[in-house]
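Trainee: Okay, here's the structure, questions in a sec.
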Amino acid sequence: MELTVFASAVLYIAVFLLSAFLARVGQTRKLRSLKIFAIVLPILLVGLRLHTGTDTDTYRAFYVQVGNEDLAASISRFTTGSMEPIIVLLSRLGAMLHLDASFVFLVFAAITIISLYFTTRNLSKQHAWLYYGMLLFLCYPESLNIMRQMAAVSVQALALSYIIKRTHANKPVHVVGVILLALLSIGLHYSSILLIPALFLPLIVKHIRGRTLFVLMAIAVTICLFALPQVLNIVSQLGILPQKHLDTFLATPGSIINVKFFAATILTGVFFANYFRRRDKKDKEYGFLMMLGMIYSGIGFYSGYVGRMATFFWVFIIIAIVNLINQLFKQERDKLVVNSLIAVSYFVLYFVVLGFDEIIPYSFIIG
């Protein structure tokens with residue numbers, strides 16, 4: 001069954017608002033059942049789609065293909081690096097259990113939303129539900145398109161949130177947990193290895209002065225924007241980067257419509273200006289994340305493959321936006337209204353009007 005454009009938009013907005021509301025009530029009244037519902041609703045929305053989403057039909061075809069091939073062929077997919085192990089293993093398991101491809105969609109949606117939910121819990125005690133609601137509107141819909149990559153960056157964001165939180169940071173179990181999350185993200189999508197530098201955030205912030213960091217990152221951003229292909233060609237000619245890897249890197253074209261880049265640019269200036277004024281380490285950390293987001297999204301003008309990794313920093317850009325709004329407005333009602341207007345407006349413009357990720361119209365697996 002396929003909904004109209006209007007009905008599809010209403011469905012998404014209703015599910016996301018209800019999930020954020022349940023997360024808020026569950027948090028304030030400490031009701032675990034409501035927290036579970038806040039997680040389950042968006043999982044079902046994404047997991048039970050039929051053709052909705054840019055890559056959905058491709059994933060369905062892959063699911064059938066893996067289910068019909070022998071075990072050796074499946075193993076060779078990830079031993080040769082052609083496909084990540086988790087999507088292959090889940091496809092094999094679903095085929096053995098005679099399940100529809102929705103099984104894989106539900107698992108990846110669960111990994112994504114659970115990771116995002118606990119990321120917000122780690123980063124805020126009071127406004128976790130507000131972060132969660134904004135992520136549902138601005139970030140989560142991309143999981144209907146880049147399913148594996150969205151799950152990977154969500155897991156990596158959870159790992160980084162534990163580092164930022166610094167609770168029991170020196171305990172071996174904490175370190176092992178972060179490492180396991182990083183490995184899980186790579187198992188979900190190999191490109192997650194490009195995000196490993198972000199996990200060294202505390203070390204970088206501790207040993208590099210704010211102005212020095214700002215200058216170094218500004219140089220990197222400039223190179224990414226204006227001279228990246230030329231630099232890559234030089235690197236390839238020197239034999240450092242094989243030509244086939246360079247071709248893969250640039251195979252997926254970038255996009256001139258790069259919302260993440262401009263959002264990261266604005267927030268970088270805000271956070272570093274705040275850091276230079278108050279010398280707050282947290283501002284320096286977020287400023288560093290924003291600048292990394294500028295680098296990855298800047299590369300996205302040339303390479304859609306790497307530009308997608310800016311979604312990882314998009315998670316923290318959204319959280320940073322909520323933080324700024326919360327600083328500007330003191331009343332909780334005002335914070336709720338402003339954040340809701342931004343979330344719904346962005347969703348309608350980006351996903352409904354401009355049609356990114358092809359999540360509109362929505363079609364159910366049933367009916």
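Trainee: Could you list, in sequence order, all residues of the stretch 31-48 that are out of contact with any Gly (no Cβ under 9 Å at 6 or more places or on another chain) and over 18 Å from SER154 (Cα atoms)?
Mentor: LEU31, LEU48
Trainee: Within the set of pairs 6 or more residues apart or between chains, which connect a residue that is of a type in the set (Gly, Ala, Ser) inside the stretch 165-193 to a residue that is outside any helix (DSSP H, G or I) and at pLDDT below 85 with Cβ atoms less than 7 Å apart?
Mentor: SER191/MET309
Trainee: Give the stretch 68-115 a look and list any residue that's among the polar types (S, T, N, Q) and farther than 30 Å from PHE16 by Cβ, or say none.
Mentor: Once the filter is applied, which keeps residues that are among the polar types (S, T, N, Q) and farther than 30 Å from PHE16 by Cβ, the stretch 68-115 yields ASN68, SER74, SER76, THR79, THR80, SER82.
Trainee: I'm trying to understand the selection: among the residues of the stretch 182-200, which are assigned to a helix (DSSP H, G or I) and either in contact with a strand residue (DSSP E or B) (Cβ under 8 Å, 6 or more places away or on another chain) or within 15 Å of MET147 (Cα to Cα) (or both)?
Mentor: LEU184, SER185, ILE186, GLY187, LEU188, TYR190, SER191, SER192
Trainee: Further question on the same structure: Have a look at ILE295, ILE319 and point out the one that is farther than 21 Å from PHE137 by Cα and either part of a helix (DSSP H, G or I) or assigned by TED's automatic domain parsing to the domain that holds ALA218 (or both).
Mentor: None of the others qualify; the one that does is ILE295.
Trainee: So which residues in the stretch 326-346 are surrounded by fewer than 18 Cβ atoms within 10 Å (Cβ to Cβ) and either more than 17 Å from LEU136 (Cα to Cα) or in contact with a His (Cβ under 9 Å, 6 or more places away or on another chain) (or both)?
Mentor: Matches in the stretch 326-346: GLN327, LEU328, PHE329, LYS330, GLN331, GLU332, ARG333, ASP334.
Trainee: Could I ask something else about it? Across the stretch 113-126, which residue is modelled with the lowest pLDDT among those that are surrounded by 23 or more Cβ atoms within 10 Å (Cβ to Cβ) and out of contact with any Ser or Thr (no Cβ under 6 Å at 6 or more places or on another chain)?
Mentor: THR120
Trainee: Next question, about the same structure. Which one of these does ASP55 not meet: (1) surrounded by fewer than 18 Cβ atoms within 10 Å (Cβ to Cβ); (2) under 21 Å from the mean Cα position of the chain (by Cα); (3) under 29 Å from ILE164 (Cβ atoms)?
Mentor: The number of the failed condition is (3).
Trainee: Among the residues of the stretch 63-87, what is the count of those that are part of a helix (DSSP H, G or I) and either closer than 26 Å to LEU41 by Cα or hydroxyl-bearing (Ser, Thr, Tyr) (or both)?
Mentor: 6
The values are calculated or read from the model by the stated rules, or taken from the named source; none is laboratory data. Since the model is a prediction, treat every value here as computed from it, not as a measurement. Quick reminder, even Gly has a Cβ in these numbers, built from the backbone with ideal geometry, and neighbours come from all protein chains shown.
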